[in-house]
Amino acid sequence: MINLRSIRARLTLWSVAALAAILAIFSATATWNMRQALLRALEHTLEMQADAVADSYDPEEGRFNVLHEGEEEANEALSAWIRIVAEDGGILYETAAMGAAGWPFPYDRASELRDRADFFFQKLVSRSGRSYLAVIYPVWRGSQLVAWVQLALPTKQVSDPLHRLIVSLLIAAPVALLLAGFTGYWLADRALRPVEVIRSRAESISQANLAARVPVPGRGDELSRLAETFNAMLDRLEAAFKAQQRFIADASHELKTPIAILRARWENEINDADLPQEVRTQLTRDVEELARLNKLVEDLLLLTRADEGKIPLAREPVSLDELLNSLLEDARTLASGKEQKIHTEITTCGTVQGDRNRLYQLFLNLVDNAVKYSQPGATIRITCERRGARVVVAVQDDGPGIPPEDLPLIFDRFYRVDKSRSRELGGSGLGLSICKWIAEAHGGSITVQSQPGQGTRVEVSLPATA
Ligand SMILES: Nc1ncnc2c1ncn2[C@@H]1O[C@H](COP(=O)(O)OP(=O)(O)O)[C@@H](O)[C@H]1O
Ligand SMILES: [Mg+2]
């Protein structure tokens, strides 16, 4: 289906409309000119024939020789509709066809004839509706008007070719319009094809491949300039984005050392036996806060370096059965604080290619979320199954769930459904962003299904190698 609002379709429609207008003007002019020329030719024939009849007047005999002599050829060439009217109005001669037609002689214009001494034309219609053109031609003998020749011919000579011309125009015009439509569409399609290439490439450029550029058609035309402008804009965007990444990385880096120093100093301080209990409690809380800050800075650094593609990932076979089983211990430790149960269904789910430590981090993050956001005593299920060429690991809880309006946002950096609660629990909203990066860096994907009040299920799908 052609989109009528596309430039292609509009260009085509406009060019077809313009051609239609041109064809209409051309056809009207051609038809009119042809009609005039044919009419002139018919008038000329009438005049010549009438003149020949008038010329053949024999004053001795008082008759028109052409009409009487057995001159077969001359007679044959002559019109079948001839009438000679005497100056006094009496009919001197009339062919059978003329008599049958019964056309009147325009006596009312006879005086005009005398004055002008010239011929004129008269339009006639037969009883059967056919059109004729007649000439009224005076016959002079010296300065004396002898008679009139009324000579008619059918206007078929004019209307037939005209009719043929109109029919051929009516056939040719739609064909020409159709051809113009096809060529117009084809040309516009060719000319605009680079636009589609630029558009689809531009669409695919995101934060992940900001270094990519749209192809420049290289013809020095408007589209090349558009592509160049686009690329210049991408250069500026990339530079701005890199500057921002650098800033975050530098800031995180600057924070790391002081946090580590403070943490070490206060941890040392806590061990001082002389410390009053309330100061110790305060210090313990501060150390926890510092640990949280340290984690935040590390996560931030990890994400910015991941964006820059600076995190090397191992590419080795990782058995997920083994990985998940060893994760279980950590998971149980996390869950024990809230007396939650970890339930597993890990059969032989296969091996993936990748970085064991990162994958471990990914699944532990998910378990950590499930533990943190579910109520005490909840059950957390870790399952693993093969789905064709992929292996799907799911972490499911029967916790509070996530409201549907927050679902599309939870993978965004720093996004937390309940900020203060997440903070209390030591979260910063970067966990799922890291999970997403790890899953995607392994050619996989991560999805969440959640219903408020009915728990959350996070699925990680990875390409399996065995
Ligand atoms: N299992 C879950 N149950 C309910 N809410 C969850 C769950 N996992 C994640 N969330 C929500 O998604 C937010 C983002 O998660 P995450 O990126 O890990 O950040 P956080 O540091 O807060 O844990 C969390 O703050 C929480 O509101
Ligand atoms: Mg988290």
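Every number in this text was worked out from the coordinates using simple rules, so none of it is lab data. What you are looking at is a predicted structure, and each value in this text was computed from that prediction instead of being measured. Cβ atoms come from the backbone with ideal geometry, glycine included; neighbour counts cover every protein chain shown.
Quick look at the numbers
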| quantity | calculated |
| --- | --- |
| Label zone at residue 325, where the point sits 7 Å out along the Cα-to-Cβ direction: segment 354-374 residues whose backbone N lies under 19 Å | 356-357, 359-361, 363-364 |
| Segment 194-226-segment 401-461 distance, computed between alpha-carbon centres (Å) | 34 |
| Computed E for residue 423/residue 197 - FRET, C-beta separation, R0 35 angstrom, nearest 0.05 | 0.15 |
| Quotient of Cα Rg and 2.2 N^0.38 Å for segment 7-160, N being how many residues it contains | 1.46 |
| Only Lys, Arg (+1) and Asp, Glu (-1) charged, at Cβ; the chain dipole about Cα centre in debye | 1620 |
| Cβ-based charge dipole, the chain, positive-most Cα from 77, 89, 446 | 446 |
| Cα-based Lys proximity count in the chain, under 24 Å, for pairs eight or more positions apart or on separate chains | 20 |
| Ranked list, fewest to most other Cβ atoms within 10 Å of each Cβ, for 81, 437, 266, 148 | 266, 437, 81, 148 |
| Which of 307, 55, 274, 406 has the fewest Cβ neighbours within 10 Å, and the rest in rising order | 274, 55, 406, 307 |
| Compactness of the chain as Cα Rg over 2.2 N^0.38 Å, two decimals | 2.25 |
| Simple spin-label estimate for residue 338 and residue 55 in nanometres, 7 Å along Cα-Cβ | 12.3 |
| Convex hull of segment 316-463 built on C-alpha atoms - directionally averaged projected area, nm² | 8.0 |
| Förster-model FRET efficiency, 45 Å R0, residue 164 and residue 68, C-beta, rounded to 0.05 | 0.75 |
| Full-extension gain in nm, residue 251 to residue 127, via 0.36 nm per residue minus C-alpha separation | 33.9 nm |
| Fraction in percent of alpha-carbon pairs per bin - 5 Å, segment 222-307 | 3, 13, 15, 13, 10, 9, 8, 7, 6, 4, 4, 3, 2, 1, 1, 0 |
